[in-house]
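Reading through the structure tokens given below for one structure.
The values are calculated or read from the model by the stated rules, or taken from the named source; none is laboratory data. Only a predicted model underlies this, so the values are computations on that prediction, with no experimental measurement involved. Methodologically, a virtual Cβ is constructed for each residue, glycine included, from the backbone with ideal geometry; neighbour enumeration extends over all protein chains shown.
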Amino acid sequence: MISHSNIKSPSEKVLFSVDDFGVATVTLNNAEKHNAFDDSIIAALDNLFTAIAKCDDINVMVLASSGKSFSAGADLGWMKRMAGYSYDENLADANALAQMLKSLNFLPQTTIAKVQGAAFGGAVGLASCCDIVLASNKASFCLSEVKLGLIPATISPYVVNAIGQKASRRYFQTAERFFADKAQQLGLVDEVYPLDELDNAVSTMVTTLLTNGPLAVRQAKQLAFDVAYQDINETLIKNTSERIAAIRVSTEGQEGLTAFFEKRQPTWQATHQNSAKPTTSTNKGEG
């Protein structure tokens, strides 16, 4: 494991910061191009997510962006270069994007996407990979690949998981633009807020998460991955029973149970509530 103090912003276009509560913010900072990403930004994000995953002192990661748009998806210059690539070069390029999405999806920390504006193409994949998606009422979404004669291939497992097969069959084929209220109905977005309330909404969600046992939160996320779509058989029952037994006798589990019966705050909650409220701004400072 490493400390977040060893992680720096990889470039001016991908910023990284951590507050005193262990809340990391990764910010796409390419506003003049609507936070479109290319191979270099994808590599920077993958390296950053891989490093964050190794940090015990990071509890929550907020994925945000600067400017009006969350992300326009693939950068036009990158797409123009890809058009001239061979099949093998395109395969390597696609694998890099797929690996970055996998790193984000399976990050052990809780991930929150803060979507303030348009999220097109691969940006829908980024949102789909996050545990919680909070959007402004100005946000819009589009799986636009078929308009270019392409398909949303690498993001498809995560988008289908977020909105289901039926909705994916429609929006993969139509490339219709839909807005935050529809995205919430589909399950892509969890909550929608007025734009000027989005920062506070993210901070409130972070505070909610920080009142919970940090080890329990990580294990609860992994539990959702591990039991989804599994047959409820003796093997699964044995596994889940072993998990709850192990965490009950863990240091954190014992502290949580003892605090509950003693009608006091557990140590992790008291620590956070005795300090200032966590922030989730997109400032350019480094952790």
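Residues that are surrounded by 11 or more Cβ atoms within 10 Å (Cβ to Cβ) and farther than 16 Å from ARG218 by Cα were ranked within the range 228-244; the one that is nearest to the chain's Cα centre (by Cα) is GLN230. As a summary of the residue check, SER65 satisfies the conditions (1) surrounded by fewer than 19 Cβ atoms within 10 Å (Cβ to Cβ); (2) of a type in the set (Ser, Thr, Tyr); (3) within 23 Å of LEU209 (Cβ to Cβ) except for the one numbered (1). For ASN283, the stated conditions do not hold, so it cannot be described as at pLDDT 95 or above, assigned to a loop (DSSP other than H, G, I, E, B) and either surrounded by 16 or more Cβ atoms within 10 Å (Cβ to Cβ) or within 25 Å of the chain's Cα centre (by Cα) (or both).
Per this entry, THR204 is not counted among residues that are of a type in the set (Ser, Thr, Tyr), out of contact with any strand residue (DSSP E or B) (no Cβ under 6 Å at 6 or more places or on another chain) and under 21 Å from LEU101 (Cα atoms). Cβ-Cβ contacts under 9 Å between residues 6 or more apart (or on different chains), taken from a first residue in the range 188-203 that is farther than 23 Å from GLY121 by Cα to a second residue that is of a type in the set (Asp, Glu), are listed as ALA201/GLU191. Looking at GLN265, GLN184 in this structure, which one is farther than 18 Å from MET61 by Cβ and either at pLDDT 95 or above or charged (D, E, K, R) (or both)? Answer to the check: GLN184.
When ARG218 is tested against (1) in contact with a Pro (Cβ under 6 Å, 6 or more places away or on another chain); (2) modelled with pLDDT under 95, only condition (2) is not met.
The single condition among (1) basic (Lys, Arg); (2) modelled with pLDDT under 95; (3) over 18 Å from GLY22 (Cβ atoms) that ARG243 does not satisfy is (2). Among the conditions (1) within 28 Å of SER136 (Cα to Cα); (2) surrounded by fewer than 21 Cβ atoms within 10 Å (Cβ to Cβ), LYS54 misses just one, which is (1). Condition check for GLU176 on (1) under 22 Å from the mean Cα position of the chain (by Cα); (2) in the same structural domain as GLY121 (by TED's automatic domain parsing); (3) surrounded by 11 or more Cβ atoms within 10 Å (Cβ to Cβ): one failure, at (1).
Comparison of LEU148, LEU210 shows that the only residue that is crowded, with 19+ Cβ neighbours inside 10 Å and more than 15 Å from ALA127 (Cα to Cα) is LEU210.
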